[in-house]
Amino acid sequence: MKKALYVLANVALALVGGWWLAQWVSTLPYEMPSWLEDGIRGSIRLAGNRSLDNTDDIETIAILVAIVVCTALVGVVLALANWLGRQLIARRRRAS
């Protein structure tokens, strides 16, 4: 039960942190990189869904990609922090 709560807390932190990071990134002034637009257009064509191949839909999909990437980035940082914390606790237990 304790481990499930720990995992649930980490997933919740990753989702909330990723959402906040994506919100901050979306406020920055930038143009969508051409590689991202080309990748989204290529994915739409591979999926066979021509109805999404317009600029508004591609911008929406790009924001969704940003949310996923930000959430994954926060998740990786949390996993690294958890690993370092476990290493520190284990080292202190061995030293005493």
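Laboratory data are not the source of any read-out in this text; all were calculated from the coordinates shown. Everything numeric here is computed off the predicted structure, so don't read it as measured data. Note that we place each Cβ from the backbone using ideal geometry, even for glycine, and neighbour counts take in every protein chain shown.
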Please give the residues of segment 59-85, grouped as numeric ranges, whose backbone N is less than 12 Å from a label point set 7 Å along the Cα-to-Cβ vector of Leu28. 70
At what distance in angstrom do the alpha carbon centres of segment 62-80 and segment 9-41 lie from each other? 7 Å
Given (i) 40; (ii) 33; (iii) 52 as possible values of percent of Cα pairs over 21 Å apart, the one from the coordinates is (iii)
Say each of Ser96 and Leu8 gets a label point 7 Å from the Cα, pointing the same way as Cα to Cβ; how far apart are those two points in nm? 3.0 nm
Using the membrane-span-like helix rule (whole DSSP H runs, Cα extent along the own axis of at least 27 Å, mean Kyte-Doolittle hydropathy at least 0.0), which helices of the chain qualify? 2-27, 55-95
How large is the helix-only mean residue ellipticity at 222 nm for the chain, computed as the sum of -39500 (n - 2.57) over DSSP H runs with n ≥ 4, divided by its residue count, in deg cm²/dmol to the nearest 500? -30000 deg cm²/dmol
Please list, by residue number, every one of the GluC sites (Glu not before Pro) in segment 26-96 that is coil in DSSP and has at most 14 other beta-carbon atoms within 10 Å. Glu31
